[in-house]
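So the structure is just underneath, and the comments pick up after that.
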């Protein structure tokens, strides 16, 4: 596989001619103009991404769930023990987790990528072993990863994107697993958007007021140590990612850039994926044009990150689970947008009178 | 088929034991408690409706699209000619409309019920001919329907619900077609909720300021003639429906009550279906417990009606097409809720540690 920098260099702009052709075709279909609302805007985006009108139906084949552990768990930011990351990876491989059910429901499988689980994992069906490091260091105290580990994790994600597209994926769906992952996500979103820690730090899987205040202080310590507060244009985004990130977040950022470079839409899940998308845009400006936000996580950092990127999620169902669950629920909507363009009759073909 | 009054008499309450069993089971699944947000609330509702835990997956088989014409079109409330209703029925039967594409995408077919199209329609695959009257009278001037025609239309919807459930449907999806239908919908929502005409009258398929002001006056004339302004508890809801309604709206109200009486969830589409649900609740108090709102139409009356019923839509994608399109897009979410309960592993079965 090529180094990550080559993936970034391949990133192009969406095709305006294809987007325009789909927009014009939508106005000939047997419905009042614009009456399919956001479905029409998504269809136009899909055509621009693929460079084809009508756009192909975005079939992902599988949801890629990137898993990693977080040294910051030592600060008591989550009520869940670290071993749950590995236990959940086993649950994913056995087909019993929420993402398995929702991916199956959307006609997709699940592949789990161990890019940074702390423990050694046995080989299993659906598990890709690509560990860049066994869990991050504690971001409150020291850089979470070295620059080399960060580049490796970015490459794991970009390679997975390229591999899935090679196997026929016409869409990528982001998934994630890692106990403690909302803390680095909050820190990255704060660093790249300039928002203060309390505005981006949430309750994760469910913590009380005291634990939340502690989590905010942990994020603030990471930001202070990094010296990054929304000043990223002048900073080195890779260094910020290394300092505050997670291995699965870095891999997801690479995955997003990889999908954009391959001209396939990337359906982005909750706050972990949004943090990765914020990083991806900093590393490869323009890649957000290839992203569709699936779901608005109830984590506050998700909304801050989405606003920063100019993305409006398709769904808002108060999910706060991650794994790719919100993106999977949005996948049928994304696909419906393409099918509308491909399958609906026009006023002419159906013999329906237009409005006066 | 039994008369509509017998359908109303069969209406029971959701099963609290089944709902409670699903709620308890959701807390044993491998995810933080409550982290699937509204999916969990929907799953509990589905269990209560079916009286089974886990609830069955809500498969509708078909979307029922009720079609009717509106005499109020003589007032210039829509830029579309009346013949488009019949043309669109032909488009539905041929498979080319938005609802065909979205139903197919959700694994369902489309059946069209002519309960009130103005012209005679030839037999066609997927068309049920059950005309209660060839289009309504002009509601601005006189009652839209007689009480007998209204009862007939209610029965057409209730019978269709019973028939679909008999054929195996575990969910009903409301669809509608009728040029001019947002005007009677606005009038009914105003009459049953006590809101003034400007608060419930929208732009329908797309009209300018002058046309909108004219449409508001038409709604006001209908309300003044009917003498109904939110005083429905003391009124006769059937008389209000007859005075202001549409044939397809009456049939949809019967369809909703029929689904509730048969203990299947009814997935409600946009403003036409919401008007029907408001009527259904007045005719058969309690039937809203069996309804799930699929989508928030951009018509203002939809939000007024949904608030009146205490329903929060699953989706908000700025659609304003009707036909059942918003409900169809929400169907995968409804089904996902049931599948989560049926298919996810528990902490015990998957060997995942619970939080500390």
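The values are calculated or read from the model by the stated rules, or taken from the named source; none is laboratory data. Everything quoted here is computed from the prediction, not taken from an experiment. Don't worry about glycine lacking a Cβ; one is built from the backbone with ideal geometry, like all the others, and counts go over all protein chains shown.
Residue pairs whose Cβ atoms lie under 7 Å apart, sitting 6 or more positions apart in sequence or on different chains, and linking a residue in segment A:338-356 that is more than 7 Å from chain B (Cβ to nearest Cβ) to a partner that is modelled with pLDDT under 95 and in a loop (DSSP other than H, G, I, E, B), are A:347/A:354.
Is it fair to say residue B:334 is within 23 Å of residue A:296 (Cβ to Cβ) and either at the interface with chain A (Cβ under 7 Å from one of its Cβ atoms) or in contact with a helix residue (DSSP H, G or I) (Cβ under 6 Å, 6 or more places away or on another chain) (or both)? Criteria not met by residue B:334. Report yes if some residue within segment B:295-305 is touching a strand residue (DSSP E or B) at 6+ places or on another chain (Cβ under 8 Å), free of Cβ contacts under 8 Å to residues at least 40 places away in the same chain, under 22 Å from residue B:99 (Cα atoms) and within 14 Å of another protein chain (Cβ to nearest Cβ); otherwise report no. There is at least one residue in segment B:295-305 that is touching a strand residue (DSSP E or B) at 6+ places or on another chain (Cβ under 8 Å), free of Cβ contacts under 8 Å to residues at least 40 places away in the same chain, under 22 Å from residue B:99 (Cα atoms) and within 14 Å of another protein chain (Cβ to nearest Cβ). Within segment B:189-196, one or more residues are touching a residue at least 24 places away in the same chain (Cβ under 8 Å), in the same structural domain as residue B:275 (by TED's automatic domain parsing) and closer than 19 Å to residue B:69 by Cα. Taking (1) within 14 Å of another protein chain (Cβ to nearest Cβ); (2) surrounded by fewer than 19 Cβ atoms within 10 Å (Cβ to Cβ); (3) at positive phi in turn, residue A:33 satisfies each apart from (3). Every listed requirement among (1) surrounded by 18 or more Cβ atoms within 10 Å (Cβ to Cβ); (2) away from chain A (no Cβ under 11 Å) is met by residue B:27 save one, (1).
Taking segment B:309-327 as the range and being at the interface with chain A (Cβ under 8 Å from one of its Cβ atoms) and in a helix (DSSP H, G or I) as the test, only B:325 passes. Kindly indicate whether any position in segment B:115-122 is at pLDDT 95 or above, at the interface with another protein chain (Cβ under 10 Å from one of its Cβ atoms) and crowded, with 20+ Cβ neighbours inside 10 Å. No, segment B:115-122 contains no residue that is at pLDDT 95 or above, at the interface with another protein chain (Cβ under 10 Å from one of its Cβ atoms) and crowded, with 20+ Cβ neighbours inside 10 Å. In segment A:204-230, the residue that is surrounded by the most Cβ atoms within 10 Å (Cβ to Cβ) out of those that are closer than 25 Å to residue B:29 by Cα and in contact (Cβ under 8 Å) with a residue 24 or more places away in the chain is A:204. Scanning segment A:277-286 for any residue that is part of a loop (DSSP other than H, G, I, E, B) and in contact (Cβ under 8 Å) with a residue 12 or more places away in the chain turns up at least one such residue.
Every residue, every condition in (1) buried (at least 17 other Cβ atoms within 10 Å of the Cβ); (2) more than 14 Å from chain B (Cβ to nearest Cβ); (3) without any contact (Cβ under 8 Å) to a residue 12 or more places away in the chain, yes or no:
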site	(1), (2), (3)
A:11	yes, yes, no
A:16	no, yes, no
A:19	yes, yes, no
A:37	yes, no, yes
A:41	yes, no, yes
A:54	yes, no, no
A:57	yes, no, no
A:62	yes, yes, no
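Looking at residue A:289, is it modelled with pLDDT of 95 or more, buried (at least 22 other Cβ atoms within 10 Å of the Cβ) and in contact with a helix residue (DSSP H, G or I) (Cβ under 8 Å, 6 or more places away or on another chain)? No, not satisfied. Among the residues making up segment B:76-90, those that are more than 26 Å from residue B:222 (Cα to Cα) and in contact (Cβ under 8 Å) with a residue 24 or more places away in the chain are B:88, B:89, B:90.
Of all residues in segment B:67-79, none satisfies being touching a strand residue (DSSP E or B) at 6+ places or on another chain (Cβ under 7 Å), more than 18 Å from residue B:184 (Cα to Cα) and more than 10 Å from every other protein chain (Cβ to nearest Cβ). Among the residues of segment B:132-155, not one is under 14 Å from residue B:66 (Cα atoms), surrounded by fewer than 21 Cβ atoms within 10 Å (Cβ to Cβ) and free of Cβ contacts under 8 Å to residues at least 60 places away in the same chain. Restrict the check to segment B:270-285 and report whether at least one residue is within 13 Å of chain A (Cβ to nearest Cβ) and either in contact with a strand residue (DSSP E or B) (Cβ under 9 Å, 6 or more places away or on another chain) or modelled with pLDDT under 95 (or both). For segment B:270-285, residues within 13 Å of chain A (Cβ to nearest Cβ) and either in contact with a strand residue (DSSP E or B) (Cβ under 9 Å, 6 or more places away or on another chain) or modelled with pLDDT under 95 (or both): present. Of everything listed in (1) in a loop (DSSP other than H, G, I, E, B); (2) in the same structural domain as residue B:251 (by TED's automatic domain parsing); (3) under 24 Å from residue B:313 (Cα atoms), the single unmet condition for residue B:36 is (2). Only one entry of A:180, A:126 meets the criterion of being at positive phi and free of Cβ contacts under 8 Å to residues at least 40 places away in the same chain, and that entry is A:126.
Please verify whether segment B:68-75 includes one or more residues that are closer than 15 Å to residue B:324 by Cβ and either without any contact (Cβ under 8 Å) to a residue 40 or more places away in the chain or outside the structural domain of residue B:14 (by TED's automatic domain parsing) (or both). The answer is yes, given that some residue of segment B:68-75 is closer than 15 Å to residue B:324 by Cβ and either without any contact (Cβ under 8 Å) to a residue 40 or more places away in the chain or outside the structural domain of residue B:14 (by TED's automatic domain parsing) (or both).
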